[in-house]
Each structure stands twice: as C-alpha cells, then as structure tokens.
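Structure first, commentary second.
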C-alpha cells in the first residue's frame, strides 16, 4: 500500500458530536441557537471584543465589514498581495478598487512602509493578514492610521489565540474576521466570525447580519415586531455548525498544545540542517505568540521548491505551496487600482513550501516527512 501523509486532517477533539446531537434534539439549528451563544462567549472573552457574530465563512465576515464601512465605487482598500482572494474580493463586491501592498520578508505580513506609500484620500481601509498566525506589524499600522483617515480590518483567519506584545490578534482593528474552515486550527467545516471592537458598530452589525432587519431589538424586547431598516444579507452560521465549533473551542488549550508540539518537532529536526541545505524554517519571533497554524520552509529558489514539492508528493507526502500573488492575477487587471510592485511577495511565493500539519500528526509521520524533505533538499 502506498504511504500517504495528508496535508490536513480535521479531527473531533471533545464534545462536538454530543453538542450537535443535543442541538438537534432541542430543535436549535438556526443561528441564534444556544451553542452559537456559547461559542460567541468563548471568543468574546479571549478577544475582549464588544461583540462577535458567527458567520458562514471568513469571506462572509469580510463582506459584512464592507457593508458596515459603506464601501462604494471609487473607494480604495489596501490588502497584501500575499493573501487568499477573499481578502480582496469581499471589498470588490461593494465596488472598491484594490491596491496591493508588499509583505515583510520576516513575518510575511503586510509591509507598513509600503502601505504608507500607497495612502491617499481615497483609501478607506487597510486589511493586514496575520500570515501563519504570526502577527503582522499591526501596532505600527495603528500608529499610521492615527494620522490618516483609514480603518483597520484584521484578516485573522490564521491567527486566533495569537498575540502581539501580549495583546490578542484581532483586537487591534475596528473589525477583525476569523475562519473556521476545515483547514484551520478550530473548525466546523465551513464557518467564520466577525469581531466587532467598537460598541458603536454593534447594533448595525446585527442589523446587516439579519438581512437588514432590526430582529435583534425584537429578540431583546426593545420593539414589538421587527422590520426592514437597512441593507444586509443572510450571514449567520447554522446552529449545528456552531455546536461543532463550541466543542472545538472548549478544547482550545489541548488543541494549541498539540499544534505547538508538532511545530517544535518539525523545528528541532529541520533547523540543524537549514544552513547547510539552504532553506529556512518559519520564524519564532519575540513578542509574537503564534497559535501554530502551519509549518513552512523557504527554499533557496522556485526551482528547488518545485522539485522538492514534486518529490514529496511522489513519495505520498501531501506538502503544498501557498498563495499565488494577487497583484499578478487576472482579477487584478479588472479590480486593482494599478497592479503595483511587490517583489518580496513574488520571491516568497515562489520559494515557500508548507509541510503536512494537523492535530493528530504523529512523531513517526513527522520523521518520515523530514527524512524525505532532507533527502530531496540535498539534491
């Protein structure tokens, strides 16, 4: 039988199945279910947020932000070129043009100096991404925003339970978004969340999330019936998925410990060979606590990366590359406000290799991956 080590493998960690069955028995399958309230409570406590709204995806949460900011044609939003397409397309749907910023070569987060060069009075928002769960320089971005009229929206799809200078990722911007896709540290298959960090945004966030109605005021007894009052859509996460998510979040400490152990196992086996073989490992940076979303290596060239990737896959090890630069994509020709120049993004995109990473990855499997990687890297 051919060996296969998958790239990702979602797992049940605690009471997920029990909670889903209980939600079914209670008849609570919609977005206002008991499990949704419980999951929101866990997230709100961690992030010290004014509110958290569970959504069908991180993409949906970003689309909700675009509505909350009243993004319109003629507005500009700055995003890193090195990110998933949702970071950009969620604002394009509201008519924005995109300006692409390069990334920092160490954190792989947005380059704040480049952002400063891209600013003008059309820029409404800047979307930093905490790549791999390593904090972008969002504290510097906050300082920049104080002298410029733009909002910060953290795309924190990778970074739940990460920190910068002991402050939770997702708590720096006016809004942040989370992902609970099956590839993320905490999953319900498909899901996301909008984190609201200003009390003044809470009521409207619920209105837009409830199809433009004041349903929340009805549920709290503030009005006798609810009606249409604003734009919006149907963004809320199913109660069944919220129940599964609650089970995952209840196990946050064991999950984070497992992922930290996988990271350390990779690092201690790979780092001693990095200088000799011309690669580097994902950094471990002071003042940046990572939730260990992934483990990546940077090879010395695109040719080396592609060759090693091919050989790993031929051996049944499902490693992968990551983002293709958005600024050079076909979509950029339609939706970008100039394609820009992002040389670090182009360099990193061509050299980055992600290794298999999931909660139940064993030491034996890690040693197989490392052995095959080192043999390929020596060629």
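Of the residues screened, residue 104 is one that is farther than 25 Å from residue 232 by Cα and in contact (Cβ under 8 Å) with a residue 24 or more places away in the chain. Taking the conditions exactly as written (modelled with pLDDT of 95 or more, outside any loop (DSSP other than H, G, I, E, B) and within 26 Å of residue 207 (Cβ to Cβ)), does residue 78 satisfy them or not? Against the criterion (modelled with pLDDT of 95 or more, outside any loop (DSSP other than H, G, I, E, B) and within 26 Å of residue 207 (Cβ to Cβ)), residue 78 does not qualify. The residues in segment 268-283 that are without any contact (Cβ under 8 Å) to a residue 40 or more places away in the chain and closer than 25 Å to residue 181 by Cβ can be counted, and the count is 1. Please tell me if residue 49 is closer than 24 Å to residue 160 by Cα and surrounded by fewer than 20 Cβ atoms within 10 Å (Cβ to Cβ). Answer is no for this residue. The lone criterion from (1) in a helix (DSSP H, G or I); (2) under 16 Å from residue 181 (Cα atoms) left unmet by residue 84 is number (1). Scanning segment 273-290 turns up one or more residues that are in contact with a helix residue (DSSP H, G or I) (Cβ under 8 Å, 6 or more places away or on another chain), at positive phi and either part of a helix (DSSP H, G or I) or surrounded by fewer than 17 Cβ atoms within 10 Å (Cβ to Cβ) (or both). Residues in segment 337-379 that are part of a strand (DSSP E or B) and at pLDDT below 95: 0 in all.
Of the residues making up segment 177-222, those that are in contact with a strand residue (DSSP E or B) (Cβ under 6 Å, 6 or more places away or on another chain) and either surrounded by fewer than 18 Cβ atoms within 10 Å (Cβ to Cβ) or closer than 12 Å to residue 51 by Cβ (or both) number 9. In this structure, residue 362 does not qualify as under 30 Å from residue 89 (Cα atoms) and either free of Cβ contacts under 8 Å to residues at least 40 places away in the same chain or surrounded by fewer than 18 Cβ atoms within 10 Å (Cβ to Cβ) (or both).
Residue-wise test of (1) outside the structural domain of residue 52 (by TED's automatic domain parsing); (2) within 20 Å of residue 60 (Cα to Cα); (3) at pLDDT below 95; (4) not in a helix (DSSP H, G or I).
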| position | (1), (2), (3), (4) |
| --- | --- |
| 186 | no, yes, no, yes |
| 203 | no, yes, no, no |
| 207 | no, yes, no, no |
| 217 | no, no, yes, no |
| 221 | no, no, yes, yes |
| 230 | no, yes, no, yes |
| 240 | no, yes, no, no |
| 246 | no, yes, no, no |
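Given the structure, is residue 326 farther than 23 Å from residue 117 by Cβ and either buried (at least 21 other Cβ atoms within 10 Å of the Cβ) or at pLDDT 95 or above (or both)? The answer is no for residue 326. Note on segment 245-272: among residues that are surrounded by fewer than 15 Cβ atoms within 10 Å (Cβ to Cβ) and under 30 Å from residue 302 (Cβ atoms), the one that is nearest to the chain's Cα centre (by Cα) is 264.
In this structure, residue 117 qualifies as at pLDDT 95 or above, in a helix (DSSP H, G or I), in the same structural domain as residue 232 (by TED's automatic domain parsing) and surrounded by fewer than 14 Cβ atoms within 10 Å (Cβ to Cβ).
Only residues that are buried (at least 18 other Cβ atoms within 10 Å of the Cβ) and touching a residue at least 60 places away in the same chain (Cβ under 8 Å) were counted in segment 164-175, giving 5. Only one of the listed residues (71, 98) is in contact (Cβ under 8 Å) with a residue 40 or more places away in the chain, more than 18 Å from the chain's Cα centre (by Cα) and either assigned to a loop (DSSP other than H, G, I, E, B) or in the same structural domain as residue 328 (by TED's automatic domain parsing) (or both). That residue is 71. Would you point out the residue of segment 161-172, among those that are assigned to a loop (DSSP other than H, G, I, E, B) and touching a helix residue (DSSP H, G or I) at 6+ places or on another chain (Cβ under 8 Å), that is farthest from residue 260 (Cα to Cα)? Ranking the qualifying residues of segment 161-172, first place goes to 172.
Candidates in segment 8-28 are the residues that are surrounded by fewer than 16 Cβ atoms within 10 Å (Cβ to Cβ) and part of a loop (DSSP other than H, G, I, E, B); of these, the one that is modelled with the lowest pLDDT is 27.
The values are calculated or read from the model by the stated rules, or taken from the named source; none is laboratory data. Keep in mind it's a predicted model, so treat the numbers as computed, not measured. Methodologically, a virtual Cβ is constructed for each residue, glycine included, from the backbone with ideal geometry; neighbour enumeration extends over all protein chains shown.
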